[in-house]
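All remarks here apply to the structure that follows.
The values are calculated or read from the model by the stated rules, or taken from the named source; none is laboratory data. What you are looking at is a predicted structure, and each value in this text was computed from that prediction instead of being measured. We place every Cβ from the backbone using ideal geometry, glycine too, and count neighbours over all the protein chains shown. Remember, those area values only see protein heavy atoms, side chains included, never the ligands or the DNA or RNA. Shrake-Rupley method; radii C 1.70, N 1.55, O 1.52, S 1.80 Å.
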Amino acid sequence: ARAALEASPGSSSSQVASFGHSLFQMAFAGSPYAKHKDADAWDEEASPLPLERRFKQPQHFDAALKDWVDDEENCTEEKVAGGWTMLRLAFGWKPLGQTIGKPDTLPVGTNRAFEIADDMEAGYAKESPTDFTTPLRRSGRLWRFRVLRAEDRMTTRLITETGEFLMYARTSLEARTIAFFLYDPAKEHEKSLFNESSPAFSMTFNENRTEWRLVQENCDNCQLAPAHLSCSRYGRQQLALIRHMRDRVGDGISNVMEVIIPGIFSDGRAMVWCPMLRRGDLGQAHGHKNETQRLITKLPVWNEQVESLVLDFKGRNIVSSAKNFQLALQQKPDHVICQYGKLSDTNFGLDFKFPFSVVQAFAIAMSTMFW
């Protein structure tokens, strides 16, 4: 905190940005597993997500900074609020309302950084996509989510089974792209954070709509690299490659897919599939046996009584739809780790577990929009 307070206003923007990122990492180190004083603020067992930042009783940043500096024992409890205070200071803000320069003299993007800091303290901002790219923790059961599709089918929301918003997706047929956002433009308190030109993830599909590629806009490996040394010029960090096909089953035709995702380390972290790490296209990663995971569709069974293809969606009351599917690892074809089923015209159930992350499962479900 003292180092941040003494940061010179005359420091270069690159030094400030680097310093800010370092403070950001320090402030949030270990915070996913910190025990917050508000028992309802963090319940590891109640949520499959690796991190929940929507604290119900956020602290004012000045009070948080005072607690951080003066009371070391409360450092863990105030880590989130204090972390954003330090980040503000690293960008050139002084504490207790002191200002530095005029708004028009601030670096490009600084105002948005301040807005994000404000909303983070209020429990709204979730600027880091890490929560959505980290595989769900291991479990013997499928974690349940729901997908809400607009009537025009161009916008979709992923929510928890209890109705909490997670992600927003917008489809552009002309650009053959689906953009994924961490904020809901329909929510009043998230409008200022929603930026339609800056999605967290994007997924493109080919003209035949048979191949879909999910990427992360800000690569985990290249986030501090200059533009000419980052993977933004070479396809970005890839999170999933999805291929669609059709297969004959009994007297029917079934939509099937093949999904390739980066491998998982022994500690549960996903491998960063970045071109700058000499990793090529996920779809061509046939020689990387231990570095990728391949998932296949569990084929439905032809039922003579109903004269239709059927799948057993355990625990879900599913409506018949061509979009319904189940996925399994190639080496365990009978062990379902993801299922997607229609509940009503605009409501779908999406259930999945390790090794999938939230954005991977959501993107796979979105790829069935033309089925």
Determine one quarter of the surface area of the Cα convex hull of region 328-371, which equals its mean projected area, and express it in nm² to one decimal. 3.6 nm²
How large a share of the accessible area of region 232-371, in percent, is made up of carbon and sulfur atoms when the probe is 1.4 Å and the other protein chains stay in place? 46 percent
Towards the positive end of the charge dipole of region 288-371, with charges on Cβ (+1 Lys, Arg; -1 Asp, Glu), say which of Phe348, Ile318, Leu329 has the farthest Cα. Leu329
Where the centre of each part is set by its Cα atoms, how far does region 167-224 sit from region 353-369, in angstrom? 14 Å
Rg to Rh, two decimals, where region 194-272 supplies the alpha carbon set and Rh follows Kirkwood: 1.10
What's the Kirkwood radius of region 124-279 in Å, using all Cα pairs? 17.6 Å
When the scattering of region 233-275 is computed by the Debye formula from its Cα atoms alone, each counted once and equally, what is log10 I(q)/I(0) at q = 0.27, 0.33 Å⁻¹? -0.94, -1.09
For region 226-371, rounded, prolate or oblate, judged on the Cα gyration tensor with a ≥ b ≥ c (square roots of eigenvalues), a/c < 1.5 rounded, else prolate if a/b > b/c? prolate
Step through the residues of region 175-184 one at a time and calculate ³J(HN,Hα) from phi using the Karplus curve (6.51 cos²θ - 1.76 cosθ + 1.60, θ = phi - 60°), rounding each to whole Hz and writing x for Gly and Pro. 8, 6, 9, 10, 9, 10, 10, 8, 10, 9
How big is the shadow of the Cα convex hull of region 293-348, averaged over all directions, in nm²? 4.4 nm²
From the alpha carbon gyration tensor of region 158-204, can you work out the equivalent ellipsoid semi-axes (sqrt of 5 times each eigenvalue) and give them in Å, largest to smallest? 20, 14, 8
